[in-house]
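The values are calculated or read from the model by the stated rules, or taken from the named source; none is laboratory data. Everything numeric in this text was worked out from a predicted model, so none of it was measured. With ideal geometry, Cβ positions are generated from the backbone for all residues, glycine too; neighbour counts draw on all protein chains shown. The protein model used for the area step is the full one, side chains on, heavy atoms only, and it has no ligands, DNA or RNA in it. Shrake-Rupley method; radii C 1.70, N 1.55, O 1.52, S 1.80 Å.
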Amino acid sequence: MYRKYLWSHPAPQKKRKLDRIDMNILRTLQFEGRISYTELADRVGLSTTPCMERVKRLEKDGYIEGYYARVNPEALGYSMLVFVEIALSYQSPDAFDRFNKAVATLPYILECHLVSGDSDYLLKARISDMTEYRELLGEMLLTLPGVKNSKSYIVMEEVKESLALPIDISKPRSY
């Protein structure tokens, strides 16, 4: 089966079982990525050096992919959130690859997912207003390689948005 993703992240290497401390580190860093090693160590019950070593190992093993600042889209004028379903004219590894490469160049597209169902892709876009949306759809998305049609969903209210995964520290597990 063809599985090539637009943004591929290395899968965590199954080096060792995550324990309660690892899970607590991950949970804490999801919400407070700028926390100092000293504060993190205090919260998870370690001294600073072993805590730093665990964080470095979690990064190396692919559990932590990076750190970022959450920027307010409205403060930058990107107040409109749109989801767009895209159907391709035909499905083949080459068609997916050409679409993936083309959509990766569009800065307004925040996420792109190859999905099952009536459409082939689900895109998440941030734009300023309806005029910019018409430009995005007509001049960019519908001109991408192999696009047959699209269906858009304009978000009226953002109820919940999170990148935090449900890390249950009471259930250590192997990944």
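Values as computed for the structure displayed
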quantity	calculated
Output for the range 141-160, where each listed residue is surrounded by 10 or more Cβ atoms within 10 Å (Cβ to Cβ) and farther than 12 Å from V82 by Cβ	L142, T143, L144, P145, G146, V147, K148, N149
Tally of residues being surrounded by fewer than 18 Cβ atoms within 10 Å (Cβ to Cβ) and more than 11 Å from V147 (Cα to Cα) across the range 78-99	6
Positions within the range 15-34 being among the acidic types (D, E) and either open to solvent by less than 40 Å² (accessible area, probe 1.4 Å) or assigned to a helix (DSSP H, G or I) (or both), in sequence order	D22
Scope the range 116-127; condition open to solvent by less than 70 Å² (accessible area, probe 1.4 Å) and either under 18 Å from E158 (Cα atoms) or touching a residue at least 24 places away in the same chain (Cβ under 8 Å) (or both); matching residues	S119, D120, Y121, L122, L123, K124, A125, R126, I127
Conditions (1) in contact (Cβ under 8 Å) with a residue 24 or more places away in the chain; (2) buried (at least 18 other Cβ atoms within 10 Å of the Cβ); (3) under 18 Å from L163 (Cα atoms); number of the one not met by I109	(1)
Breaking point among (1) at pLDDT 95 or above; (2) open to solvent by less than 60 Å² (accessible area, probe 1.4 Å); (3) more than 22 Å from M130 (Cα to Cα), for G66	(1)
Residues of the range 35-61 satisfying the condition of being in contact (Cβ under 8 Å) with a residue 24 or more places away in the chain and in a loop (DSSP other than H, G, I, E, B)	G45, L46, D61
Members of the range 137-160 found to be in contact with a strand residue (DSSP E or B) (Cβ under 9 Å, 6 or more places away or on another chain) and either within 20 Å of A75 (Cβ to Cβ) or in a strand (DSSP E or B) (or both), listed by number	V147, K148, N149, S150, K151, S152, Y153, I154, V155, E158
Sole exception among (1) farther than 20 Å from L136 by Cα; (2) assigned to a loop (DSSP other than H, G, I, E, B) for S119, by number	(1)
From the options M52, M130, residue that is open to solvent by 20 Å² or more (accessible area, probe 1.4 Å) and within 30 Å of K17 (Cβ to Cβ)	M52
The range 69-95 residues that are part of a loop (DSSP other than H, G, I, E, B), paired with ones that are among the polar types (S, T, N, Q) and modelled with pLDDT under 95 (beta carbon under 6 Å, 6 or more apart)	none
Breaking point among (1) in a strand (DSSP E or B); (2) more than 27 Å from R27 (Cβ to Cβ), for L110	(2)
